[in-house]
Amino acid sequence: MYLYRFLTSLSSRTRGLCYSCWSGRRCFSAGRESEAYGPVSAQWQTRHGLELLCVLELRPEQRVLDLGCSSGELTVELARRVGQRGHVVGLDPNEDRIRVARQRHGDALNLEFATGTNENMQHYRPLDRIVANFVMNWIEDHRRCLKHVFDALKFGGLFGFSLVTGSPPFLHELTKVMAGPEVDLYEMMGWHFQTRDGWGELARETGFSVKISKQNISYNAHPTLEHLLLWWEATTSGRCRIENTNEEELERLLDEFSYKRNHPVEFQEDVIKIVLQKPLE
């Protein structure tokens, strides 16, 4: 009974979250939930994003685009690094996320936020750098996206992106507990994953050279079960709903993976970081 009250109280605070609308899929965003996404979800992703920025050779006066910027946590750091004579665009298909980004970071003179996808990058060309942090798996046509990136970059420009190779077994099972036993996570979300070698092959076919390509295990840790459930409802755009979670099945799942409700929940994810370069000529 305690767990039931716990779950329903969480649901009232997270209803309708949405990450992005890259493929024109139904959007579950409902304004204030976009404001909640950052503190619930962004810490682990932002850490990897900051690591990516360290290898992108960012310099003052550069023009940079953050593709899938969400509420702008990484975008504002890009703006700081290119200085007042540089310019950064944060681009995201979710209007609520863009609204929140403007509210939080709109006073920066060298920074702008706009609603759009990879299809809209040509409006901001030529660019010195393009960044996509945990975004590419939301885009169905990877080859077409890389072509848009290639066309938007200056000669010698860099495209850096981080992403996971897939979801760990625990999240597949958690999805069934929160959304229904017949639900397939990848089909539900429309996610499109690629191996590190697959990305390299696509990049070279598009005309890029691969400057950096590495894959490491990263531990995605959540301090409490509450944090985990908030994060997963946010990440799945409200398709996994806390209020629909089966209490008995959740207890079974936690036991199966040796997690305890009042302890941190941690699982492994394979994270890829890739930096591509457009030829100098």
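Tell me whether region 237-253 contains one or more residues that are part of a strand (DSSP E or B) and either open to solvent by 50 Å² or more (accessible area, probe 1.4 Å) or touching an Asp or Glu at 6+ places or on another chain (Cβ under 8 Å) (or both).
The answer is no, given that none of the residues of region 237-253 is part of a strand (DSSP E or B) and either open to solvent by 50 Å² or more (accessible area, probe 1.4 Å) or touching an Asp or Glu at 6+ places or on another chain (Cβ under 8 Å) (or both).
Have a look at GLU281, GLU233 and point out the one that is over 11 Å from MET178 (Cβ atoms), modelled with pLDDT under 90 and either within 17 Å of the chain's Cα centre (by Cα) or open to solvent by 50 Å² or more (accessible area, probe 1.4 Å) (or both).
After ruling out the rest, the residue left standing is GLU281.
Does any residue in region 151-175 that is of a type in the set (D, E, K, R) come within less than 7 Å, Cβ to Cβ, of a residue that is open to solvent by less than 10 Å² (accessible area, probe 1.4 Å) and not in a strand (DSSP E or B) six or more places away or on a different chain, and which pairs are these?
Close Cβ pairs satisfying both conditions: GLU173/LEU253.
Mind listing whichever residues of region 170-209 are modelled with pLDDT of 95 or more and at positive phi?
GLY207 - this is the single residue of region 170-209 that is modelled with pLDDT of 95 or more and at positive phi.
For region 95-117, state whether one or more residues are of a type in the set (Asp, Glu) and closer than 19 Å to LEU276 by Cα. Reasoning before the result, please.
Of the residues in region 95-117, the ones of a type in the set (Asp, Glu) are 95-96, 107, 112.
Okay, now just the ones that are also closer than 19 Å to LEU276 by Cα, so none.
No, region 95-117 contains no residue that is of a type in the set (Asp, Glu) and closer than 19 Å to LEU276 by Cα.
Just for region 62-79: of the residues that are part of a helix (DSSP H, G or I) and β-branched (Val, Ile, Thr), which one is surrounded by the fewest Cβ atoms within 10 Å (Cβ to Cβ)?
VAL76
Is it fair to say ARG261 is more than 30 Å from LEU58 (Cα to Cα), assigned to a loop (DSSP other than H, G, I, E, B) and charged (D, E, K, R)?
Taking the combined requirement at face value, the residue satisfies it.
Across region 188-204, what is the total count of residues that are in contact (Cβ under 8 Å) with a residue 40 or more places away in the chain and either buried (at least 19 other Cβ atoms within 10 Å of the Cβ) or not basic (Lys, Arg) (or both)?
So in region 188-204, the residues in contact (Cβ under 8 Å) with a residue 40 or more places away in the chain come out as 188-194, 196, 199-200, 202-203.
Next, only the ones that are either buried (at least 19 other Cβ atoms within 10 Å of the Cβ) or not basic (Lys, Arg) (or both) stay: 188-194, 199-200, 202-203.
Qualifying residue count, region 188-204: 11.
Give the residue, chosen from LEU171, LEU185, that is open to solvent by less than 10 Å² (accessible area, probe 1.4 Å), touching a strand residue (DSSP E or B) at 6+ places or on another chain (Cβ under 9 Å), farther than 17 Å from LYS278 by Cβ and hydrophobic (A, V, I, L, M, F, W, C).
The unique qualifying residue is LEU171.
Assess whether GLY156 counts as being crowded, with 21+ Cβ neighbours inside 10 Å and modelled with pLDDT of 95 or more.
no
The values are calculated or read from the model by the stated rules, or taken from the named source; none is laboratory data. Keep in mind that what you see is a predicted model, and the values were worked out from it rather than measured. Positions of Cβ are backbone-derived with ideal geometry, glycine not excepted, and every protein chain shown enters the neighbour counts. Heads up: the accessible areas ignore ligands, DNA and RNA and are worked out on the full protein's heavy atoms, side chains in. Shrake-Rupley method; radii C 1.70, N 1.55, O 1.52, S 1.80 Å.
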